[in-house]
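Notes to accompany the following structure.
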Amino acid sequence: MLQFSLRVNPANPNHHLWNNNGTWFIHYVVHPTPFTKERIRHSLGTKSLTEARARRDTILAAAQPEPLALAA
């Protein structure tokens, strides 16, 4: 079971982003098992910070699992 934990610093609108020679990348960590972690880093394919933020938000929203529904 993949565990996803997202830490966000509201004072930093560029969290999880870094600029590598003009191209924006995303980076975050997932925990495939309770004992391991995997760093995810990949290009967002844009030089625009505004576009990079939008793509980051889309990726992180898709990576978060749906909340579990409790059985009645």
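The values are calculated or read from the model by the stated rules, or taken from the named source; none is laboratory data. What you are looking at is a predicted structure, and each value in this text was computed from that prediction instead of being measured. Here the Cβ positions follow ideal geometry from the backbone for every residue, glycine too, while neighbour counts run over all protein chains shown.
Say we look at the range 57-72 and pick out the residues that are part of a loop (DSSP other than H, G, I, E, B) and within 18 Å of Arg7 (Cβ to Cβ); which of these is modelled with the highest pLDDT?
Gln64
Restricting attention to the range 40-56, report how many residues are assigned to a strand (DSSP E or B) and modelled with pLDDT of 90 or more.
3
Answer with yes or no whether Asn14 is at pLDDT 90 or above and assigned to a strand (DSSP E or B).
no
I need the full set of residues from the range 34-43 which are surrounded by 10 or more Cβ atoms within 10 Å (Cβ to Cβ) and either of a type in the set (Asp, Glu) or touching a residue at least 24 places away in the same chain (Cβ under 8 Å) (or both), in order please.
Correct list: Glu38 only.
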